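Enquirer: First the structure, which I've put down as structure tokens, then a few questions once you've had a look.
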Amino acid sequence: MKHDLRPARLSPRDVLRVGAVGLRARRARVVLSALGIAIGIATMVAVVGLSESSRADLMTRLDRLGTNLLTAEAGKDAQGQEIKLPRNAVAMVERIGPVRHATATADVDARIRRSDVVPEERTAGVTAQAVRTDLLSALGGEVDRGVWLTPAGERLPTTVLGAVAAERLGITRTGETIMMNDTRVAVVGILRPIELVPNLDRVAMVGFPAAERYFGFDGHPTTVFERSTDASVEDVRAILARTISPGDGASGIKVSRPSDALAAKAAADEGLTNLMLGLGAVALLVGGVGVANTMVISVLERRQEIGLRRSLGATRGAIRLQFLTESLLLSALGGATGALLGAAATFGFARVQGWTAVVPPWSLAGGLAATLVIGVVAGLYPAIRASRLHPTVALNAM
């Protein structure tokens, strides 16, 4: 009776067990080889996670601050002359239908010193501006200490300092005084940083009436702020300059959207993310080369094992599968470790920064998929080389 002899086939469980034997026998080498893969994957996952966490925090801030704020600043006309916004610029802007809120600030010619014993030329980099009492609500600003200007306080020699201005002047509490020109002015409030208009952080603010009475202010605003409905921001932006200055001066009025600066920051962060991903890919490639090197050396060291298995009936396909599985396990070990390290780094850094940690699932899945591809590529040549070893030649190496 004739029987067909067929080589035995290993079950998936046996394939994994055989592939893991080589890894357990050379643990130090496996750890070092997997480390390269882990560093590359950790870098890529952490970069993506931190970028997404930062962007999510930025979008949350934009939602809180609003993207419907526009500013119109006085510039220069075609002849290079300084343009003065009309005194009633705020009232003119408020006539635009979609506008919900309008307010203004103005530069004030006043030298600011900590006290009268400080020379006039030492101003600590703090400037003075006249503001309306509704400025804080329009910009979404908050008082850190003290109070904001009141209808009565805006007529008196009182000031509210921006966060940076207070730090530069050494003011830590309200009730202290500073010198604006030769006038002693009481500090009634200190603001928290204003994210949409950071230049106000370096300003000492007084009311319009007080600026006219004590510092010779002419009443013309320098910057107009307005908030409109979200859907009409671009329409208002198109007519804002002509509304404030219907004549030729409209060309010299600069209209901007403060939230665009934060959006540009998000775009810059995206460019940096792409750069860091490139560095992570290089680290991953180096790790792949390390895996390939480990597998080639493993084949050379285990020729006797290969010869013995071949002499006992293992086919070339079984040998290829064994070493390819070993390479995949090695890469998967590094990839899983790297994914965990990258996620942990993202959560840790996000917590320190006060962000909501975001680790996109696709970054973890993509990282693991990349390691498997590297495992196949790195293990393919050593596996083929191992399968081509003749049993007699391999056993003679014993």
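The values are calculated or read from the model by the stated rules, or taken from the named source; none is laboratory data. Computed from a predicted structure; not experimentally measured. So basically every Cβ, Gly included, is an ideal-geometry build from the backbone, and we count neighbours across all protein chains shown. Please note that ligands, DNA and RNA were not included when accessible areas were found on the heavy atoms of the full protein model with its side chains. Shrake-Rupley method; radii C 1.70, N 1.55, O 1.52, S 1.80 Å.
Enquirer: Give the residue that is least open to solvent (accessible area, probe 1.4 Å), with candidates limited to residues of the range 340-361 that are within 12 Å of Ser51 (Cα to Cα) and assigned to a loop (DSSP other than H, G, I, E, B).
Expert: This residue is Pro360.
Enquirer: In addition: Do we have any residue at all in the range 71-85 that's farther than 21 Å from Val255 by Cβ, part of a strand (DSSP E or B) and among the β-branched types (Val, Ile, Thr)?
Expert: Initial filter on the range 71-85 (farther than 21 Å from Val255 by Cβ): none.
No, the range 71-85 contains no residue that is farther than 21 Å from Val255 by Cβ, part of a strand (DSSP E or B) and among the β-branched types (Val, Ile, Thr).
Enquirer: Leu149 - would you say it is open to solvent by less than 60 Å² (accessible area, probe 1.4 Å), in a loop (DSSP other than H, G, I, E, B) and closer than 19 Å to Pro221 by Cα? Spell out how you get there, then give the answer.
Expert: Working: open to solvent by less than 60 Å² (accessible area, probe 1.4 Å): yes; in a loop (DSSP other than H, G, I, E, B): yes; closer than 19 Å to Pro221 by Cα: yes.
The answer is yes for Leu149.
Enquirer: Looking at the structure I just gave you, is Lys84 closer than 22 Å to Glu212 by Cβ, modelled with pLDDT under 90 and either surrounded by fewer than 17 Cβ atoms within 10 Å (Cβ to Cβ) or in contact with a Ser or Thr (Cβ under 7 Å, 6 or more places away or on another chain) (or both)? Quick ask: steps written out before the conclusion?
Expert: Values: closer than 22 Å to Glu212 by Cβ: yes; modelled with pLDDT under 90: yes; either surrounded by fewer than 17 Cβ atoms within 10 Å (Cβ to Cβ) or in contact with a Ser or Thr (Cβ under 7 Å, 6 or more places away or on another chain) (or both): yes.
The answer is yes for Lys84.
Enquirer: Does Asp218 fit the bill of being touching a helix residue (DSSP H, G or I) at 6+ places or on another chain (Cβ under 8 Å), open to solvent by 50 Å² or more (accessible area, probe 1.4 Å) and assigned to a loop (DSSP other than H, G, I, E, B)? Before the answer, list the steps.
Expert: Values: touching a helix residue (DSSP H, G or I) at 6+ places or on another chain (Cβ under 8 Å): yes; open to solvent by 50 Å² or more (accessible area, probe 1.4 Å): yes; assigned to a loop (DSSP other than H, G, I, E, B): yes.
So Asp218 fits the description; yes.
Enquirer: For the list (1) modelled with pLDDT under 70; (2) more than 29 Å from Leu50 (Cβ to Cβ); (3) open to solvent by less than 20 Å² (accessible area, probe 1.4 Å), I need the number of the one condition that Phe323 fails.
Expert: (1)
Enquirer: Given Arg61, Arg100, which one is touching a Ser or Thr at 6+ places or on another chain (Cβ under 9 Å), outside any loop (DSSP other than H, G, I, E, B), basic (Lys, Arg) and in contact (Cβ under 8 Å) with a residue 40 or more places away in the chain?
Expert: Every option except Arg100 fails the conditions.
Enquirer: Are any residues in the range 152-184 in a loop (DSSP other than H, G, I, E, B), buried (at least 20 other Cβ atoms within 10 Å of the Cβ) and in contact with a helix residue (DSSP H, G or I) (Cβ under 7 Å, 6 or more places away or on another chain), and if so, which ones?
Expert: Step one: filter the range 152-184 for residues in a loop (DSSP other than H, G, I, E, B), giving 152, 156-157, 162, 170-176, 181-182.
Imposing the further condition that a residue be buried (at least 20 other Cβ atoms within 10 Å of the Cβ) reduces the set to 162, 171.
Passing the criteria: only Gly162.
Enquirer: Quick check on the range 22-45. Is at least one of its residues surrounded by 14 or more Cβ atoms within 10 Å (Cβ to Cβ), within 18 Å of Gln322 (Cα to Cα), modelled with pLDDT under 70 and not charged (D, E, K, R)?
Expert: Among the residues of the range 22-45, at least one is surrounded by 14 or more Cβ atoms within 10 Å (Cβ to Cβ), within 18 Å of Gln322 (Cα to Cα), modelled with pLDDT under 70 and not charged (D, E, K, R), which makes the answer yes.
Enquirer: Would you pick out the residues in the range 227-244 that are in contact with a Leu (Cβ under 9 Å, 6 or more places away or on another chain) and either open to solvent by 40 Å² or more (accessible area, probe 1.4 Å) or assigned to a helix (DSSP H, G or I) (or both)?
Expert: If we filter the range 227-244 for residues that are in contact with a Leu (Cβ under 9 Å, 6 or more places away or on another chain), which is where we start, we get 227-228, 233, 236-237, 240, 244.
Hits for the range 227-244 are Val233, Val236, Arg237, Leu240, Ile244.
Enquirer: Shifting gears a bit: Looking at the range 123-140 only, could you name the residues that are closer than 21 Å to Leu156 by Cβ, open to solvent by 10 Å² or more (accessible area, probe 1.4 Å) and touching a residue at least 40 places away in the same chain (Cβ under 8 Å)?
Expert: If the condition is that a residue be closer than 21 Å to Leu156 by Cβ, open to solvent by 10 Å² or more (accessible area, probe 1.4 Å) and touching a residue at least 40 places away in the same chain (Cβ under 8 Å), then Thr127, Gln129, Arg132, Thr133, Leu136 are the ones that fit.
Enquirer: Next up: Can you tell me which of Val255, Val187, Val224 is part of a strand (DSSP E or B), open to solvent by 20 Å² or more (accessible area, probe 1.4 Å), at pLDDT 80 or above and of a type in the set (Val, Ile, Thr)? Quick ask: steps written out before the conclusion?
Expert: Working: Val187 fails: open to solvent by 20 Å² or more (accessible area, probe 1.4 Å); Val224 fails: open to solvent by 20 Å² or more (accessible area, probe 1.4 Å).
Unique residue meeting the criteria: Val255.
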